[in-house]
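Heads up: the structure comes next, in structure tokens.
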Amino acid sequence: MVNQLYLYVALIGLALVLYALTRTKGTAQAPAPDRPAPAAVDQELKDLLDDFMNELERDNVKLIDGFNKLQIEQKEQIASQNKIIRTLEKRIIELETKLAAAPQPDLMPTQETPAALVSAAPAPAAVAAATVAEETAKPAFVMQEKYAHVLTLSRQGLTPEQIARDTGIGVGEILLVIGLAKRGEA
């Protein structure tokens, strides 16, 4: 597209030069004393066109350099984001395998009698120890302060976009954290 523009400008310049040459040759009159000689006008016009073309070329080179820099930056950013995605996917697989390997509590009702249930009830000290164990067994991502803040804002009803603006974390990462937290709560 830039080459076409260059071609059009060159053709217009050539047309102007030809027009100037034919106009001065068509009139056989001697130049007026206050007008410069036709050769001087032609040279001045040629110099102006050369300067204009050189400026266009410089601008073209600047634009191409700018586009190349943007393209390189975009490739680097995509590579960085792909690396982060691969790391997060590996982490998700690790967490899923840990979740699958963890013993699942039996949620089916049994035919035990109420007396048996009472005798099977844990002591208060055992309940407190289990609560502490559950809190230390929370996923590692919840323990990080920024993710805990994300979950707090989500529970307050903020949208992921609002949370992203407040925390500076990407929307995709926020959605991942909220999704993992919901998966852990279910």
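What pairs come up if the first residue lies in the range 5-26 and is under 17 Å from Pro38 (Cβ atoms), the second is at pLDDT below 80 and not β-branched (Val, Ile, Thr), and their beta carbons are under 9 Å apart, counting only those six or more places apart or on different chains? As it stands, the answer is Ala20/Pro38; Leu21/Pro38; Arg23/Pro38; Thr24/Pro31; Thr24/Pro38; Thr24/Ala39; Lys25/Pro38, since those pairs meet every condition given. Counting only helices (runs of 4 or more DSSP H) that sit completely within the range 73-186, zero hold 3 or more residues that are modelled with pLDDT of 90 or more, in contact with a Leu (Cβ under 6 Å, 6 or more places away or on another chain) and surrounded by 10 or more Cβ atoms within 10 Å (Cβ to Cβ).
The values are calculated or read from the model by the stated rules, or taken from the named source; none is laboratory data. Worth saying up front: this structure is predicted, and the values here are computed from it rather than measured. No Cβ is skipped: glycine too gets one built from the backbone with ideal geometry, and neighbour counts run over all protein chains shown.
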